[in-house]
1. Suppose every K and R has +1 on its Cβ and every D and E has -1 on its Cβ; what is the size of the dipole of the chain about the Cα centre, in Debye to the nearest 20?
2. Computed from these coordinates, which is Rg/Rh (Cα atoms, Kirkwood Rh): (1) 1.75; (2) 1.71; (3) 1.46?
3. I want the local charge near Leu27. Using Cβ-Cβ distances under 12 Å, sum +1 for each Lys or Arg and -1 for each Asp or Glu among the other residues.
4. Which of Val15, Leu29, Phe85 sits farthest toward the positive end of the charge dipole of the chain, with +1 on the Cβ of Lys and Arg and -1 on the Cβ of Asp and Glu?
5. Excluding Ala40 itself, calculate the net charge of residues whose Cβ lies under 14 Å from the Cβ of Ala40, where each Lys or Arg counts +1 and each Asp or Glu counts -1.
6. Between Leu67 and Ala45, what length in nm is gained on full extension when 0.36 nm per residue of separation is reduced by their alpha carbon distance?
7. Considering the options Thr59, Ala41, Gly70, tell which one lies farthest towards the positive end of the dipole of the chain, charges being +1 on Lys and Arg and -1 on Asp and Glu at the Cβ, about the Cα centre.
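Throughout, read-outs are computed from the coordinates displayed, never taken from laboratory work. Predicted, not measured: the structure shown is a model, and the values here were computed from it. Don't worry about glycine lacking a Cβ; one is built from the backbone with ideal geometry, like all the others, and counts go over all protein chains shown.
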Amino acid sequence: MLLWWLTLAVVAIVVVVLVVYLVLIILALRKADRHVAELAAGLRAVSGHVAPLPEHLATINGALTALRGGLLSADRHLAGAVRTFER
C-alpha cells in the first residue's frame, strides 16, 4: 500500500513539474510573439521610409558623376602644376 502512495506522489510531482514547464513555455512564446509583432511593425515602417530612396539615389548618382568629372579635371591640372614645379 505504501508503494502505491509513493507512486502516486511521484506521478503527481512529475505532472506538476511538467505543467509548470509548459506554462513557462507558453509565457515565453507569448512574449516572443509580442516581440515579433513589434519587429514586423518596425520593418513595415522602415519599408515605408525607404520607398522613395531609389529616386533620390538616381539624383545623387547623377550629381556624383558630375562631381567626379570636375574632380578628375582638377586632378589633371594639379598634376600639371606638380610637373611644372618639379622642373
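1. Numbers: 8 positive and 5 negative charges, 44 e Å.
Taking the Cα centre of the chain as origin, the dipole is about 220 debye.
2. Calculated Rg/Rh (Cα atoms, Kirkwood Rh): the matching label is (2).
3. Values: positive: Arg30, Lys31, Arg34; negative: Asp33.
Local charge sum for Leu27: +2.
4. Going by the charge dipole, the pick is Phe85.
5. Details: positive: Arg34, Arg44; negative: Asp33, Glu38.
Surrounding charge for Ala40 is 0.
6. Fully extending the segment from Leu67 to Ala45 adds 4.6 nm.
7. Gly70
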